[in-house]
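The values are calculated or read from the model by the stated rules, or taken from the named source; none is laboratory data. Bear in mind the structure is a predicted one, so any value in this text is a computation, not a measurement. Please note: Cβ atoms are built from the backbone with ideal geometry, for glycine as well, and neighbour counts cover all protein chains shown. The protein model used for the area step is the full one, side chains on, heavy atoms only, and it has no ligands, DNA or RNA in it. Shrake-Rupley method; radii C 1.70, N 1.55, O 1.52, S 1.80 Å.
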Amino acid sequence: MLRTLLTAAGAAALLLLLPPATQAQPADLIVTNAKIATLDAAATTAQALAVRDGRIVAVGNAAQVRALSGPITRTVDAGGRTVIPGLIDSHMHAVRAALSYSTEVNWIGAGSIGEAMDRIRAAAARARPGGWLIVAGGWTEQQFAERRRPTAAELQEAAPNHPVYVQLFYEAVVMTPKALEALGVPAGTLPAGMKPAADGAPGWMTGDIVGISALFDKLPKPSYDDNLAGTRAFFRELNRLGVTGLVDPGGFSIAPSQYAALFELWREKALTLRVAYSVFAQKPGAELQEFRELTQMLPMGFGDDMLKFNGLGERVTLAMYNNNFPDAAAKEKFYELVKWAAMRRLAVTIHWQENGSVDHLLGLYEKLNAEVPIKELRWSIAHLDDASPETLARMKALGIGWTMQDAMYFQGDRALATRGDAARRMPPIGSALRTGVNVGAGTDAHRVASYNPFVALQWMLDGRTVSGKAMRGADETPTREQALRLYTVGSAWFSFDEARRGTLEVGKLADFAILDQDFFSVPLERIGKTVSLMTVVGGRVVHAARPFDAAGTSVAAAP
């Protein structure tokens, strides 16, 4: 549990960490009358903090922090609200999601098929004549009151004059007749690599992740101006939810050239959150050569506090991607590549889902570690929701972290049906914490999940699926403080930043959010509705809602 407010002596001790000359300089921003969850080692709760030049220069009680105020200091009275370190998503395909954010239809949070169709109708009214309407993911039929997928006929009725494409995870797709026609698919046939849905749902088709990604690649791409607008808008949306940073694992359908909008905003100093990005193999069979070419002038960690290169993954080689039965040739080629990465001290993150096959991966890593030590390289595994205690122990020994997402919020009903009681330890958050594995929380948004961190935090704590079914047992459920740590300093570990951000301590980057409700006391079922009223990145306000959107230098309001 969070400790009580700092005593005056404790606050003074924090201030004394600063050189006297630094203490004498006025702060740029002061937040006072707050419940500040510092998440420091002592789990201290403070009343106020001060920021100068993008960093925290004081944390303590209100009187002492106010002493750093000067004529140009902006003072924010938090009105007793909770302040948390900025949230960091350890595994979000944000660069890709942002490219089309301004042009896609979003079903996140829609509670019924009627509401989803209303969003299609609204998008059709805004779109240019004949323009595509695309729902790329982030939804599940379990979120709808009807507990089913919308039909092709319902989509056709909602947007009769537009081609409509809807994707469910990486499992199924439905397209209206105009969409099939626009892609040149003859009537009565299906796109290459797709087959009719097993449940016979009219218009729905299925495929694997590679096939569906290839189909998505055939859709018209947003313009570069759309990419810029989408990136600005999506990052601001994340700021609204208290997100100040993320680790992006690349992804299908995003070539190196499609990072141009991200890079332009970085050059303009217009990024509103910190991005650590990996490069994802796009050339099956030639991955090592591809990585060699991409990283020739891109050393590990290249960049700055707002944007930096964070290594390879989450697809390292196609032959080992989602492959529970890799043959000797696939494993040999993968080993050659990861040995090359280890020798260059590159971080590697890999998509792996099944504990039953993870020995193929960990066996190779253990062999490599004996030849080229990898323990300090911060390699990680994404997903792996059914990791066993033995697997977690092997990961700990190798220094391999785990980026854990809320996939079971959307897919837990299926896991309960297929795995029974075994699903109640999915994912094994408590076991990982007890083992000492470094864990970062995230969403895997936006094709397979919502990007909302508070939805993920609520799910981490109550273990309920989107349909309301109780799933995870108490042994695998963290406390509120533990969950928040996984979403802040835990995620910062994966970009080598835990000493620079993730907690609100003197000297760290000033990334924080003032919440509209107290994360630590609000009923569990309301956590997912939390938003940030003011989000700060490096001392700069990147999001402000009432009452903190006033232009004045002092803002006060009751919660």
Filtering the stretch 359-410 down to residues that are within 17 Å of the chain's Cα centre (by Cα), of a type outside the set (Ser, Thr, Tyr) and either in a loop (DSSP other than H, G, I, E, B) or on the phi < 0 side of the Ramachandran plot (or both) yields ILE381, ALA382, LEU384, ASP385, GLY401, TRP402, MET404, GLN405, ASP406, ALA407, MET408, PHE410
Report yes if some residue within the stretch 93-114 is open to solvent by less than 10 Å² (accessible area, probe 1.4 Å), within 17 Å of THR443 (Cβ to Cβ) and of a type in the set (Val, Ile, Thr); otherwise report no.
-> yes
| Of the residues that make up the stretch 301-318, is at least one open to solvent by less than 10 Å² (accessible area, probe 1.4 Å), in a helix (DSSP H, G or I), more than 30 Å from VAL541 (Cβ to Cβ) and not hydroxyl-bearing (Ser, Thr, Tyr)? | no
Note: among THR231, THR206, THR244, just one is over 17 Å from the mean Cα position of the chain (by Cα) and in contact (Cβ under 8 Å) with a residue 24 or more places away in the chain, namely THR206
When HIS446 is run through (1) open to solvent by less than 30 Å² (accessible area, probe 1.4 Å); (2) at pLDDT 95 or above; (3) under 24 Å from SER380 (Cα atoms), the failure sits at (2)
Within the stretch 142-177, the residues that are part of a helix (DSSP H, G or I) and either acidic (Asp, Glu) or farther than 15 Å from ILE113 by Cα (or both) are GLU154, GLU157, PRO177
Restricting attention to the stretch 452-469, the residues that are open to solvent by 10 Å² or more (accessible area, probe 1.4 Å) and modelled with pLDDT of 95 or more number exactly 6
Only unsatisfied item for VAL65, checking (1) open to solvent by 20 Å² or more (accessible area, probe 1.4 Å); (2) at pLDDT 95 or above; (3) part of a helix (DSSP H, G or I), is (1)
Across (1) part of a helix (DSSP H, G or I); (2) under 29 Å from MET297 (Cα atoms); (3) open to solvent by less than 10 Å² (accessible area, probe 1.4 Å); (4) not polar (S, T, N, Q), TYR335 clears everything bar (3)
Reported set for the stretch 470-479 where residues are closer than 13 Å to ALA407 by Cα and open to solvent by 10 Å² or more (accessible area, probe 1.4 Å) is ARG472
